[in-house]
1. What tally of residues in region B:674-694 results from selecting those that are surrounded by fewer than 22 Cβ atoms within 10 Å (Cβ to Cβ) and outside any loop (DSSP other than H, G, I, E, B)?
2. Under 6 Å between Cβ atoms, at least 6 apart or on separate chains: pull out the pairs that start in region A:118-134 with a residue that is free of Cβ contacts under 8 Å to residues at least 60 places away in the same chain and end on any residue that is part of a helix (DSSP H, G or I).
3. Run down B:11, B:105 and say which single residue is closer than 30 Å to residue B:524 by Cα, in contact (Cβ under 8 Å) with a residue 60 or more places away in the chain and within 27 Å of the chain's Cα centre (by Cα).
4. Can we say residue B:152 is free of Cβ contacts under 8 Å to residues at least 12 places away in the same chain and either closer than 21 Å to residue B:317 by Cα or among the charged types (D, E, K, R) (or both)?
5. Mind checking which pairs have a first residue in region B:421-434 that is at pLDDT 95 or above and a second that is among the basic types (Lys, Arg), Cβ under 6 Å, 6 or more apart or different chains?
6. With of a type outside the set (Phe, Trp, Tyr), away from every other protein chain (no Cβ under 14 Å) and within 34 Å of the chain's Cα centre (by Cα) as the only criterion, which of B:85, B:58, B:67 stands out?
7. When you go through A:97, A:111 one by one, which is the residue that is touching a residue at least 24 places away in the same chain (Cβ under 8 Å), on the phi < 0 side of the Ramachandran plot and within 9 Å of chain B (Cβ to nearest Cβ)?
8. If a residue has to be more than 13 Å from residue A:136 (Cβ to Cβ), of a type in the set (A, V, I, L, M, F, W, C) and either in a helix (DSSP H, G or I) or modelled with pLDDT of 95 or more (or both) to count, how many in region A:1-26 make the cut?
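The values are calculated or read from the model by the stated rules, or taken from the named source; none is laboratory data. In this text, all values refer to a predicted model and were calculated from it rather than measured experimentally. Heads up, the Cβs are rebuilt from the backbone with ideal geometry, glycines too, and the neighbour counts pull from every protein chain shown.
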Amino acid sequence: MKLEGKYTYKASQQVVWDLFNNPRCLEKAIPGCKKLEERGPGKYDAILKIGIAAVRGMYSGKFEVLDPEPPNRYRLIGEGSGTPGLVKGDGIIEFSQEGDSTMLSYTGEVQVGGLIAGVGQRLISGIAKMMIKEFFRKMKTELKSLK
Amino acid sequence: MSNEDKGKWVGKGMKRKEDLRLLIGRGNFMDDIRLPNMKHAAILRSPYPHAWIRGMDVSEAEKLPGVRGILTGEDVEKMSKPFSVGVPVPPKYYACAVDKVRFVGEPVAVVVADDRYIAEDALDLIKVDYEPLPVVMDIEEATQPDSPILHDNIGSNIYSHRLFKYGNPEKAYEEADLVVKGKFLFPKYGSTPIETYAVIASYNPYNEEFVIYNNYQGPFVTHFLVALALGIPENKMRWIVPTDIGGGFGTKTGMYPYIALIALAAKKTGMTVKWLEDRREHLLASSTGTDRVTYMEAAVKKDGTILALKDKAIDNTGGYIRPPEPGCAYRSTGNHTGAYQIKDLDREVLVVGTNKCLTAPNRGYTCQELYFSVERLVDMAATELGLDPAEIRFKNFIQPGQFPYTTATGGLYDAGNYPKAFQMALDIIDYKKMREEQQKARKESKYIGIGFATVVDPSVTNIAYVTLALTPEQRAKERPKSGSGESVIVKMDPLGKVHVIASTNPQGQGHETVISQIVADELGIHPDDVTVSDVVDTHDRVYSITTGSYSSRFASVGTNAVVYATRKVKERMTKIAAHLLEANPNDLELKKGKFYVKGSPDRSISIRHVAGTAHWNQAALPEGMDAGLYASSFLSMPTSKPVDDLDRVDSSNTYGFVAEAIVLEVDIETGEVKFLKWASVHDSGTVLNPMLLEGQVMGSCIHALGGTLYEEFAYDENGQCLTASFQDYLVPTAMEVPKIDIGHVETASPLTALGSKGAGESSSMSVPVAIGNAIADALSPLGVTIDELPLSPNKIWHLIQEARAKKD
């Protein structure tokens, strides 16, 4: 499943870059995130609890930021597994200044396995889009709290 | 029997004896069985299609209160052997993954707990360390040397590979005016019986015996296979099947690995363990039909005569191959040329593995795959030669005077009248008029299509055909296999009532009803005076390798056993009556419940008196006669012989015929199909009970409708199954079922006592290609070719767009 989108934040590119590299902000903004721990530079362990029908359950996973080019782009890979199955993702997040705002664009691919793949994979792209939207919206709140 | 009693019940649409108990909720299914101290199992399944199991930690799960024990792959490897399978290099297929998983849903551990809830919760606490591997999902890719290999001990993904030649295809090709070719893809679809797999197993360590309740369709060959895998003699494993099974359709022949798995869980934990498959497990990991790629060509004369067929067929049995596979590739050998006089064949057969769910027979057992190629090709030949698709069929049919007809591949077609049955189908749809309407509709840009399939419907498996997986040289080193026997015991009690003990193990077909009808006719009694117990208990039934309900066996070999056993009882009754009447047995006739001396109507004795004597006054029996009144019959069909040195075999023993004629309209804007007329004409020999036959025919039509338009076990490119619920695996409902006009031609089989033969699979073989042919016919002005299923609106719409793009 391919995912892509754009989001705009009213802040400088450096501020937005810092925001998207701040584990505390990420922890608060990732939907259902119960815990996010930095294992090493750019490496995180996470526990997620998701309450949406087809993907409901606890997940434990790992995220890693690769090939960072501050403040322009980084690659994010992650994988998680839980009762409902497996999720694996690989994506690129890019930042660009547009006037007094920063445009964030993402492209990525997500693979699912187990129960969530067999039951309602058709629903998953919808759920993923909803969760991503929620994440970027919450990051906006986090941005305000940083200011 | 006098003429007035004969045929009083057989041939009538007598109501099913089974229905009352089912309708009032008094059926006896697996879930109705409650054994003392019964515990419940849940199975942990692989989320990966292909991965090493690097480790497993069950310690947290074991600590959960209520958990009684956990069976892992390591245990299964220690406690059992891989299932035996008739291919040159068998994969190591255990009841549970040992060190590697090869399809999503493959069992990796079993938790036994006080209830299913606890067992399911415990599954979440098991930690499995998987190391994912690359997957192979495509049939043809699987045959390539650089594809990921599933089984290192085999070294390739090819489980079985054979080349066959029958007749002289080279010569036929020289004589042919035209060669028609196609590549056909048949999807992986299955059956979705209302009752899923279920097993209750216990192990008694004192006599080292397993008692296993299950809803298997056999015992068939699998009781033997499970005993072999468990490392025990067959008489140490008792299988008991409850009175009612909620559907089988071949899918349940794939459940025996779970019988072994739950038996091992019972042995390890010392508990009586019950496992009931849930629907998701069923759709993900029970058993499906094979998907097949076929390259087929026909060498044809200008007048439409088909001289030869050449094909390469590749079947896919998924992550492993297990019995009765590789039957998929060889089952239809005897009827490979269908209803036609084709003498020369060149065949290449492959059975391969991919990271998909495993296979077993599925109603029609690969005849739908075969005929999808043959019957599409017949239509394609007609188109190229400018012939009518009905005409080319009449031209090539085996003619009524040619029966019994031996096919090039060794099939012995017992009886039939193919032109008559096909003509009946054409008359039902009013073929000529439909062609006119099609022309009219085309002028209005409406796309009506007419599609036929005229196919031979094999029933009664001769187990010999599985040995076709071996070359004649390899076969010569083994003992031959053959047979199709079924057993029945008929008993008469002192009051003259009859009890029949059969082991055909029906899954809803109504055998109780038909057996009662037959016995009533044979003995001149009422069907209400006959009770039937027709389930398997391997300790108290007579059975063999072939016993069970599969390959539409009952109406042929099952009824043979019923008739012959009943006639033996009647013969004994006649002897007793003659003895008591001091008459010659040849002078007696049975009429309205009494034996009469012909010509002396005052000298008679009732059935009840005869039966009473056999039980109550044994001293009065003729000298040397056994006491009591019973007889048994256990006969294989005489035509069930081993494969010969030229790879010819009568793979089934009776052969019916189906003519399907379908008129439909395709909405080219939406790709939707609307059925206008549907005639399904069958020749399954003598009709035993028209109501039951209609149910079977209707069921086979709708089952196939699902496989043709809706159903497919679909996987994404990463090997994940996309259809593990009815939300995505679309089964036709009453809303999708069109009106179907059923017709019958009755050509009695000389091989069965009543002239009847199997019909339960029938249209599942003919409907997919008949619909395919009709859609191809409808869309022929657009240049659309139909060579794969399922034909969802989406797929039809895309085919139309592609054809349009090509034209532009």
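1. 7
2. A:118/B:284
3. On the way: B:105 fails: closer than 30 Å to residue B:524 by Cα.
Criteria check complete, one pass: B:11.
4. Working: free of Cβ contacts under 8 Å to residues at least 12 places away in the same chain: yes; either closer than 21 Å to residue B:317 by Cα or among the charged types (D, E, K, R) (or both): yes.
Yes; evaluated as a whole, the condition is true for this residue.
5. B:429/B:677
6. Working: B:58 fails: within 34 Å of the chain's Cα centre (by Cα); B:67 fails: within 34 Å of the chain's Cα centre (by Cα).
It is B:85.
7. On the way: A:97 fails: within 9 Å of chain B (Cβ to nearest Cβ).
Result of the check over A:97, A:111: A:111.
8. Matching residues across region A:1-26 total 2.
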